[in-house]
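Each remark here refers to the structure printed beneath this line.
The values are calculated or read from the model by the stated rules, or taken from the named source; none is laboratory data. Everything quoted here is computed from the prediction, not taken from an experiment. Reconstructed Cβ throughout: ideal geometry from the backbone, glycine too, with neighbour counts over all protein chains shown. Side chains are part of the model used for accessible areas, which takes the heavy atoms of the whole protein and leaves out ligands, DNA and RNA. Shrake-Rupley method; radii C 1.70, N 1.55, O 1.52, S 1.80 Å.
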Amino acid sequence: MTLAYVRTEDAPKRPPPATTAGTWARLRDQFAPTPLSGLATIVIAALLAWTAWTIIHWALISAVWSAPDREACNAVGAGACWPFVKAKALQWVYGFYPIEERWRANLVFLLGGISLLGLLVPQIPLKGLNALFFFLIYPVLTFYLLRGDHFGLVRVDTDQWGGLLVTLIVALTGIVASMPIGILLALGRRSKMPVVRSLSTAFIEIVRGVPLVTVLFMASVMFPLFMPPGVNPDKLLKALIGVALFSAAYMAETVRGGLQAIPKGQYEASMAVGLSYWRMMLLIIMPQALKVVIPGIVNSFISLFKDTSLVSIIGIFDLFNMVQSGFNDAKWASAQTGNTGYFVLGLVYWAFCFAMSRYSQFIERRLNTGHKR
Amino acid sequence: MTAQSPGELRQPPSREAGPFAWFYSPRVRGWLTQLAVFLLLAWGLYAIIFNTQANLKKLNQNFGFDFLTQAAGFDLSTSLIAYSSNATNARALVVGLLNTILIAVLGIIFATVIGFIVGIMRLSRNKVVAGAATLYVEVVRNIPLLLQIFIWYALVLKPLPGVKGAINLFDMIFISNRGVTMPHPLFEEGAWLAPVFLFGALVATWFFRRWARKKQEQTGKSTPVWLTSIPIILLSPVLGLALAGWPLTFDYPSLAGFNFKGGMTIVPEMLALLLALSIYTATYIAETVRAGILAVSHGQSEAAAALGLSRGKALRLVVIPQAMRVIIPPLASQYLNLTKNSSLAIAVGYPDFMYLGGTVNNQTGKAIEVVFILMVVYLGLSLLTAAFMNWFNSRMKLVER
Amino acid sequence: MNQPANSAIIMRSVNKWYGQFHVLRDINLDVKKGERIVICGPSGSGKSTMIRCINRLEEHQQGDIIVDGIPLTTNLKNIDDVRREVGMVFQHFNLFPHLTVLENCTLAPIWVRKEPKAKAEETAMKYLKRVKIPEQALKYPGQLSGGQQQRVAIARALCMNPKIMLFDEPTSALDPEMIKEVLDVMVDLAEGGMTMLCVTHEMAFARQVANRVIFMDQGQIVEENEPNEFFSKPKSPRTKMFLEQILH
C-alpha cells in the first residue's frame, strides 16, 4: 500500500455547470428556491403590480389635469384632482403669509438650504463657522426676517405663517434647541453631582414617558397659567417650546449613548494632560461622541420631522393642517380632493424622511470605514 | 498628621494656600454648582406657582380634584363600561383609559404578528419576498403616523356605504361608514360553565405538557402537546355552554331608521387608528426582528446542523432563544411607543385617554389637574414597561466571565 | 458506487464553485475506518470547504461523496443520517451561549437521538470527564476559557457517538497556552481509534497521530504522504514552499 501521492498537473479551472450557476439557476435561486417560495413570488409580484397599476391609474391615467373648480373632479371614475393642488400649492408652502412679502420666506428657505448643505456634505470646509451660523445666527435671522417690524420690514404675525414654512420652522426649532439642551442633559445625567443628575434624569424620563400630544397639550393649556397675569404667549411659540423640550429629552438619550461608547482611556488621557472638565468635554469627548451618534441624531430628526404634524392638533397651521383645511373649501370639495391632498402630503413627508434616512446610512458607512482604517 | 516620615504628607505648593484655596476644591465647586442649580429651580418654581395662583384667581378657579366627582355632561361614541352623560368625569377618564388599553393591546398583537412576518420576510433568499418587505418598511416608516391614520380613515373607511346600503354578511355583520356592526353576545344563567371549562382545559393542558416533558426526559419520546391540546382548549367553552343548555343568546343588529339597533359596533375611528398604529409600528418591529436574527451568528445554526438538528429544531432550540434576548428589549419600547402613539386618537375623535383628558379640560377648565392626571398615567405605563425590561434583561443576560 | 467495508469516507471527482470561483477542483480522497488525516495548506486553499462538504455544511456540485456507506445527495434524510455519524469541531467553538455546558452536550442526544434526559446527561458527564472538565458542567460557555470551551465543543460532538470526527482548525482561535490542552484531548481521541479528519497547522500533532498528511493548494489536493516522509521529503515545489514558510 502506498500512501504517497503527488499531483503532477493542475486540475483544470472550469466554469461551473449550468445547472448550478447559469442564469437560469441563479434566477431560480433568487426567485423560487422552493416551490412554495416560487408561489410566494408570483402572489407578491401580482399584488405589487396591482398596487402600482392602481396608483398609476389613479394619479396619472384617470386624473383630472386642469379644471377651474371641483366640477370635473366630482365626476364618476375621476382620479387625482391635480387642479386642486395647483390652486392651493402656494398656500401649502407659505400659509397666509402676505403674497408681496413671500420673498422673505424664500430668503429664509435659501439661507437655510445653503447652510444645511454646507453642514451635511463632508467635503465642504468651514464646518465650524457654518454650524455657528446655523445654530445661532440663522434662527434669530429667520425670526426677524419673517416677523418683521424692524429694519423697515412690515410686521407679519405668526398666525399668518403657515404651511411648509411652519413645518420647517417647527422642525428647525426642534433640531436647533435639542442639540445644546440635549447635550447638557446628557452630561447632567452622567454627572457625579446628585442634584444635577437626578434633575436631568427626572426631566428626561418624564418627557420620554409621555406622548408628544400630551406635551403639546401641556404647552398649550398650562404655559399661559405659568406666565405673569396678562402675558399670553404666542400660540406658535407654545408649540415650539413643547417640541423643543420633547426633542431635547430624546436627543439627550442619543448623546448619552455616544458618551457611553467613548472608552474610559479617553477620559483618563484628557485628565492626564491636565484638561479641565469642560475643556475635556469640549475638545476631546464631545467631538468623538457626536461623531459616533450622527446616524442616531439623524434618526431622531426623522422622527421629529414626522412629529411636526402633531402641532396641527393644537391648531397650528403647519403643512398637514393647511392641506387638510383646504378640503373644506366649497370651491374644491369633491370625492377626490381629500385623496389627492393626502397623496401629496405623503409624498412630501416621505421625500424628506427618506432623504434623511439615506443620508444617515451614508454617514454610517463612512464612519464604519473610518473606524476600520 | 503626626510622625511624618520623609517624603510623606508634604504641604502642596503655594496656590492652594491662598485666600481662595477653597475655590479650587472640586468638592466645593460641585456643591456650589448644585446649589446654584437648586436655587435657580426653586426660583423658577416659585415664579410659576405665584403666577399660576394669580392667574387662577383671575379666572375664578381653584386647584383641586373635586371636578372628578362631578357629572361629565358629554356623550361618548363608544365605551367598554356603562357610561352616560350623567356619569362623573372620573368615570369618563376611566372609559378613556380602558379604550387606550384596548387599542394598545389589539395594536400590539397585530403589530407583532405583522412585524415578525415582515422581519423574517426581509431575510428571505427570495428577492421578491425580501424586496416587498423592504418596500413596505421604507414607505410606511417614512410617513407620519398622523397622516396614516387620516389616510385609513378617509380613503378606506369613509367610502364604505352608508347605513342603508351597508354590506350585509349573513344578516349578522354589517359593514358601513358607521363601522362594523355585529351581534352582541348576551350571557344568561349558567354561562359561567364556559369560562370554567376553558380554565379547566388550560389547567389540563399545563399538566399534560408537564407530563409530556417528563415522559420525554425519561424515555426520550416526545408527544405532540399543542396538536392535541389546542382543539381541546378551543372546544371546551362550547362544551361548557352545551352542558349548561346554551344559556347564550345574541343581540342581533337590525336596521332602524338611520342607524342600527342592537348589536355592537366597532367605530371607524377605532378601526382607522388600529390599522395605522399596527401597520406603522410593525415596520419598527420588523427591523428589530431582523436585527435580532442577524445578531445570532451563522456559526450557531451551523453547529446545530452539524449536530444533526433539523432546521426547524435548530431555529426553535438554538436561534430563536438567542434572537429573543436581542429582540425583546427594543420590542418592549416599541410597544410603549405604540401605546403613547395611540394618543393620536384625539385627531380622529376616538375617545381614548388623551381625548377624554382634553374633553374634560374643555368642560371644566382644570388644565393643571388634567395634565397632571394624564402625565401620571402615561408615566405609570412607561415605568411599568421599563421595570419589565430591566427584569427581563437581568433574567436573560448571557452569563459571561 | 460500491464501497469497501473498511472505508469511512470516499470522495470522487468532487468539484465545487462559489459563483464563478472554482473552489474545489477534482478532489479524490479515500479515508479508511480508524484513519487519522491531517489537512494543511495556505489560507483560501479550500481545506475547510472540503471537510465542510463531508457533513454537507457546504454543498458540492459535481462528484460523489459517500460517508459511512451513505451517499450525500440532495436527499434530506441522507444528510440527517450522515450528520448523526459525523461530529464536527469548529474554529470558533460555536457553543450555544444560552445553554449550560451540560445542556450543550445533551441537546442533540435528546432532540435528535430521542434519548432520555438522564441517559443523555450520563453520557455527557462521561465525555466531559474524558475532556477533563466535568466540574464545569453547570457553567455557561461564556464563563469558560477558550481552551475549556473547545474541549466542551469536542465533548458535545462526542455525545452523539459519531463514527467520524471533523476538526476545522480547532486551535487557531486559541491563546498559545491553551492549545496544548485541546491537542491532548485530540491525541487521546486518536489513540482511542476514532476516524479523524483535522484541518490544522499543528505539525507536531500531525507527526504524533496522523496516518497521512494532505497538502491542499488552490482547491486541489497537491500532495499526500505519511507524516515523516511528508515533512522530511516534500516532493511538490508548492509543498516545499509552504513547509518552509510555516516551519520558520
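Using a simple spin-label model with pseudo-atoms 7 Å out from Cα toward Cβ, A:ILE262 and A:ARG14 lie 6.1 nm apart.
Over chain A, what is the relative contact order in whole percent, taking alpha-carbon pairs under 8 Å and six or more residues apart? Let's see the in-between values first.
Details: 373 pairs, mean separation 68.6, N = 373.
Relative contact order, chain A: 18 percent.
Per residue of chain C, the DSSP helices (runs of n ≥ 4 H) give a summed -39500 (n - 2.57) that works out to -11500 deg cm²/dmol at 222 nm. The mean sequence distance of close C-alpha pairs (under 8 Å, at least 6 residues apart), as a share of the length of chain C, puts its relative contact order at 26 percent.
Mean residue ellipticity at 222 nm from the helices of chain B, using -39,500 (n - 2.57) per DSSP H segment of n ≥ 4 over the full residue count, to the nearest 500 deg cm²/dmol?
On the way: 13 runs with 243 residues, N = 401.
Mean residue ellipticity, 222 nm, calculated: -20500 deg cm²/dmol.
Amide H to amide H distances under 5 Å link C:ASP217 with C:VAL222, where only residues 5 or more positions off or on other chains count and H is placed in the peptide plane.
Near A:ILE42: Cβ cut-off under 15 Å, other residues only, Lys/Arg at +1 and Asp/Glu at -1. The net charge is +2. Straight Cα distances below 17 angstrom link C:LYS233 to the aspartates and glutamates C:GLU223, C:GLU224, C:GLU244, with same-chain residues fewer than 8 positions distant left out. Annotation: aspartates and glutamates with alpha-carbon distance below 16 angstrom to A:LYS88 (same-chain offsets under eight excluded): A:ASP69, A:ASP318, A:ASP329. List the residues of region C:32-51 whose backbone N lies under 19 Å from a point placed 7 Å from the Cα of C:LYS240 along the Cα-to-Cβ direction. Under cut-off, by backbone N: C:41-42.
Computed from phi, the 3J(HN,Hα) profile of region B:128-133 under the Karplus parametrisation 6.51, -1.76, 1.60 (θ = phi - 60°) reads 5, 4, 5, x, 4, 5 Hz, with x in place of Gly and Pro.
For B:LEU307, no residue 5 or more places off, or on another chain, has a built amide H under 5 Å of its own.
Just the accessible area per residue of the protein assembly as shown, please: how many Å² with a 1.4 Å probe? Intermediate values should be presented prior to the final figure.
Working: 51310 Å² over 1022 residues.
Using a 1.4 Å probe on heavy atoms only, each residue of the protein assembly as shown averages 50 Å².
The string of couplings for region B:278-286 from the Karplus curve (6.51, -1.76, 1.60, θ = phi - 60°) is 5, 5, 6, 5, 4, 5, 6, 5, 4 Hz, one whole number per residue in order, with x for Gly and Pro.
Counting only protein chain heavy atoms and rolling a 1.4 Å probe, the accessible areas of A:GLU268, C:GLU191 rank, largest first, as C:GLU191, A:GLU268.
Quick one: net charge around B:ASP66, please, counting Lys, Arg +1 and Asp, Glu -1 for every other residue with C-beta under 11 Å from its C-beta. Please list the in-between numbers first.
Details: positive: B:LYS366; negative: B:GLU369.
Combined, the nearby Lys, Arg, Asp and Glu give 0.
Which whole number gives the average count of other chain Cβ atoms within 10 Å of the Cβ atoms across peptide A:274-283?
Details: counts 0, 0, 0, 2, 0, 0, 0, 0, 0, 0.
Mean inter-chain Cβ contacts per residue within 10 Å come to 0.
What is the dipole size for the protein assembly as shown, taken about its Cα centre, with +1 at each Lys and Arg Cβ and -1 at each Asp and Glu Cβ, in debye to the nearest 20? Don't skip to the answer; put the middle values down first.
Values: 93 positive and 64 negative charges, 240 e Å.
Around 1160 debye, computed over the protein assembly as shown.
For C:HIS98, B:HIS298, the ranking by accessible surface with the largest value first comes to B:HIS298, C:HIS98, using a 1.4 Å probe. Remark: region A:352-368, residue by residue, has Karplus-estimated 3J(HN,Hα) of 4, 5, 5, 4, 5, 5, 5, 4, 4, 5, 4, 5, 4, 4, 4, 5, 4 Hz, where x stands for each Gly or Pro and the curve is 6.51 cos²θ - 1.76 cosθ + 1.60 at θ = phi - 60°. What total accessible area, in Å², is buried where chains C and B meet, using a 1.4 Å probe and rounding to the nearest 100? Rounded to the nearest hundred, the buried surface is 2600 Å².
Projecting label points 7 angstrom from Cα along Cα→Cβ for B:PHE207 and B:ILE117 puts them 3.8 nm apart. When the surface is traced with a 1.4 Å probe over the full set of protein chains, B:TYR136 keeps roughly 50 Å² accessible.
Suppose R0 equals 56 Å; then what is the FRET efficiency for A:ARG28 and B:VAL163 from their Cβ-Cβ distance, rounded to the nearest 0.05? So, using R0 = 56 Å, E works out to roughly 0.60. Compare the Cα positions of C:LEU99, C:HIS22, C:ILE54 along the charge dipole of region C:1-106 (+1 at Cβ of Lys, Arg; -1 at Cβ of Asp, Glu; about the Cα centre) and return the one farthest towards the positive end. Result: C:HIS22.
The charge dipole of chain B, taken about the Cα centre with unit charges on the Cβ atoms of Lys, Arg (+1) and Asp, Glu (-1), comes to about 1320 debye, rounded to the nearest 20.
With every protein chain present, what accessible area does A:LEU240 have (1.4 Å probe, heavy atoms only), rounded to the nearest 10 Å²? That residue has around 30 Å² of solvent-accessible surface.
Looking at this model, which pairs from A:LYS306/B:LYS340; C:LYS77/C:LYS114; C:LYS32/C:LYS126 are more than 18 angstrom apart at the alpha-carbon? Spell out each step's value before the answer.
Values: A:LYS306/B:LYS340 15 Å; C:LYS77/C:LYS114 16 Å; C:LYS32/C:LYS126 27 Å.
Result: C:LYS32/C:LYS126 exceed 18 Å.
Using the Cβ of B:GLN34 as centre and a radius below 13 Å, the other residues enclosed give a net charge of +4, where K and R count +1 and D and E count -1. Measuring with a 1.4 angstrom probe and ignoring ligands and nucleic acids, A:VAL43 comes out at about 80 Å² accessible. Give the aspartates and glutamates whose C-alpha is closer than 16 Å to that of C:LYS163, dropping any in the same chain fewer than 8 places away, or say none. By straight Cα distance, C:LYS163 reaches C:ASP30, C:GLU35, C:ASP68, C:ASP80, C:ASP81, C:GLU85, C:ASP188, C:GLU191.
Under a 5 Å amide H cut-off, with hydrogens placed 1.01 Å from N, C:GLY63 pairs with C:ASN15 among residues at least 5 apart or on other chains. Can you list the residues of region B:117-140 whose accessible area drops by at least 50 Å² going from the chain on its own to the full set of protein chains, with a 1.4 Å probe? For region B:117-140, once contacts with the other chains are taken into account, B:ARG125, B:ASN126, B:LYS127, B:VAL128, B:GLU138 lose 50 Å² or more.
In what order, largest first, do B:GLU138, A:GLU71 sit by accessible area if the probe radius is 1.4 Å? Could you put the intermediate results ahead of the total?
Values: B:GLU138 35, A:GLU71 140 Å².
Result, largest first: A:GLU71, B:GLU138.
Using only Cα atoms, locate the centre of region C:1-80 and the centre of region B:150-219, then give the distance between them in Å, rounded to an integer. Each part's Cα centre sits 55 Å from the other's.
Normalising by the residue count of chain B, find the relative contact order in percent from Cα pairs under 8 Å and 6+ residues apart. Write down the numbers at each step before the final one.
Values: 433 pairs, mean separation 83.0, N = 401.
Computed value for chain B: 21 percent relative contact order.
Site pair B:ILE48 and A:LEU120 shows an inter-label distance of 3.6 nm when each label is modelled 7 Å from Cα along Cα→Cβ.
By how many nm would the segment from B:VAL376 to B:LEU248 lengthen if fully extended, with 0.36 nm per residue of separation less the alpha-carbon distance?
Values: separation 128, 0.36 × 128 = 46.08 nm, distance 4.05 nm.
The B:VAL376-B:LEU248 span can extend by a further 42.0 nm.
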